1. Consider segment 213-258. How many of its residues are assigned to a loop (DSSP other than H, G, I, E, B), open to solvent by less than 10 Å² (accessible area, probe 1.4 Å) and among the small types (Gly, Ala, Ser)?
2. What are the pairs, 6+ residues apart or on separate chains, where a residue within segment 165-176 that is within 12 Å of residue 150 (Cβ to Cβ) has its Cβ under 7 Å from a residue that is modelled with pLDDT under 95 and assigned to a loop (DSSP other than H, G, I, E, B)?
3. Is it the case that residue 3 is modelled with pLDDT of 95 or more, open to solvent by 20 Å² or more (accessible area, probe 1.4 Å), out of contact with any Phe, Trp or Tyr (no Cβ under 7 Å at 6 or more places or on another chain) and in a strand (DSSP E or B)?
4. Can you find, within segment 443-498, the residue that is nearest to residue 419 (Cα to Cα) among those that are in a loop (DSSP other than H, G, I, E, B) and open to solvent by less than 40 Å² (accessible area, probe 1.4 Å)?
5. Looking at (1) aliphatic (A, V, I, L, M); (2) more than 24 Å from residue 467 (Cα to Cα); (3) under 20 Å from the mean Cα position of the chain (by Cα), can you tell me which one residue 212 breaks?
6. Looking at 274, 266, which one is among the small types (Gly, Ala, Ser), open to solvent by 20 Å² or more (accessible area, probe 1.4 Å) and within 30 Å of residue 415 (Cβ to Cβ)?
7. Which of (1) touching a strand residue (DSSP E or B) at 6+ places or on another chain (Cβ under 6 Å); (2) assigned to a loop (DSSP other than H, G, I, E, B); (3) at pLDDT 95 or above does residue 369 not meet, given it meets every other one?
Amino acid sequence: MKYTNPILPGFHPDPSICRVGGDFYLVTSSFEYFPGLPLFHSTDLVHWEQINHILDRDSQFTLTTEAPNHFGIYAPTLRYHDGIYYCIVTNVGGPAGGNFFVYTTDPYSAWSDPVWLPFGGIDPSLFFDDDGKVYYSGTDKNIFISELVLSRSTTADGSVQLHCDHVGEQVYAWDGSGGNNPEGPHLYKINGMYYLMIAEGGTEYCHMVTIARSQSVYGPYEPCPHNPVLTNRSTDLPIKAVGHADLVEDQNGNWWAVCLGIRPLGYPFRHNLGRETMLVPVVWQQGWPVMGMNHDGHVDAEIEVWLQAKTAQLPGAQTTSGAPAKNSRYIPGSSYTDSFNTTSMHPSWNTIYNPDKALYEFTQNGLILHGNENALSSQEKKSLVCRRQEHFDFTARLTLCIKNLPENGEAGLAIYMNNQHHYELAMIRHNQKRCLIIRRQIGSLWAVENTIEYDSDTVLLQLTGSRERYSFAYSASESAPLVTVGSGETQYLTTEAGGCFTGNYIALYAANTDAICKKFVYEVE
């Protein structure tokens, strides 16, 4: 079996995975973006489709507009038990912040409203023991474990409703192997032993995965003698900052870990795609997991492994999902065209924070952005629809129409890391003239670097990405020649230059005007 990492390119951090029969489900963090918690399905661990978002309505969560890239939906854990799918997560900084879980009996349908849990800290996880007990593990300076008593009832319409009836004592179980920021715990029971796997070293270049085991769920926990079991620190491998892993056993008895990692642009290291999801083979030796293609605890970009097979279905061979096919699903990392001719948002798109629905109008004739007073540089809610940048080399094109453009109104196509770091090509009206501009903002510094008078109300805007630069061009139509407007260095739109936990997005936006998005094309170079 051969495959290439990442298996989910672009901003897909903190992956958590579970298997139900021959189906794998995976969820990642989403921070300040809405809908939250993108959910993916696969039958082979390599080829994935996005089937929906777990958090897709205001009643489930409220995102704060403070400190972009720092707050929001952190580190989910996805589990399946007794016919129910659970996703537990932290909403950091939210007005109704804290830890909660949602659930469903069908991962393709809507998930429940939250069941709140009285725990501080972050990175919650659920573990269902074989004696029927349920345990919560979380991070509050160190790793703790607490028993939960859950019950279920049936509503009048026949749906399942879950309740948390009791929370046990919070027992601090392990403080890790000595690395800073022990976090991201996952608890497992394998061959009668309890395993507690965590992340250490911070989420930067010293990130790592460590593990300990015990005969009792509360410990004491014995650290693995070859910790860290997974890290790319101090190597020359192209994938860096590897950590925050989750284990899964496939239907043939092979073990795997999903984890996050980054692909830096160059040296000094800096990355703009965010933390991405990687897949790592795992074997067990003397009661401990040994990870990596060469059993060296490293994540490689190209991986080839030999697998044991108990059935005719082997991981790595794409099969057909038992779920009904839906045209609205998205294959991460694929080229994509959106003609904006439906009345709902495709799952590959996000908004910033819980959307002000008055700003977005989905029609069969295009997506209408009703721009408010908030520009891209505002950290408040704004008229913006965006999708992850998933490749270093890509081309994105937007056909945009603005019939009535007021003075100081604008709309356009942007590469967006956060409200203080973005480049955009926009149609504006300034001094009673309709123009196209390229603007760049890096921290508190910004400049309009080119201005071109443009009389038409419709324009095709193009953004091209490479490892070195983001470049902008425009044309009067799809058949007209492109005119280059300008470009900017990628290095200033990187986490190291001014970001935190997210990655770059390709954004369609409007401010102080109404703009119609006619067509969007994302092509992989």
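1. Matching residues across segment 213-258 total 0.
2. Hits for this filter: 167/118.
3. Here the answer is no, as residue 3 does not meet what is asked.
4. Filtering segment 443-498 for residues that are in a loop (DSSP other than H, G, I, E, B) and open to solvent by less than 40 Å² (accessible area, probe 1.4 Å), the one nearest to residue 419 (Cα to Cα) comes out as 443.
5. (3)
6. Result of the check over 274, 266: 266.
7. Against the list (1) touching a strand residue (DSSP E or B) at 6+ places or on another chain (Cβ under 6 Å); (2) assigned to a loop (DSSP other than H, G, I, E, B); (3) at pLDDT 95 or above, residue 369 comes up short only on (2).
Yes/no per residue for (1) buried (at least 17 other Cβ atoms within 10 Å of the Cβ); (2) in contact with a Leu (Cβ under 6 Å, 6 or more places away or on another chain); (3) in a strand (DSSP E or B); (4) aromatic (Phe, Trp, Tyr):
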position	(1), (2), (3), (4)
51	yes, yes, yes, no
59	no, no, no, no
124	yes, no, yes, no
139	yes, no, yes, no
143	yes, no, yes, no
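The values are calculated or read from the model by the stated rules, or taken from the named source; none is laboratory data. These numbers come from a predicted model, not from an experiment. Backbone-built Cβ (ideal geometry, glycine too); neighbour counts: all protein chains shown. Quick note on the areas: whole protein, heavy atoms, side chains included, nothing else; ligands and nucleic acids left out. Shrake-Rupley method; radii C 1.70, N 1.55, O 1.52, S 1.80 Å.
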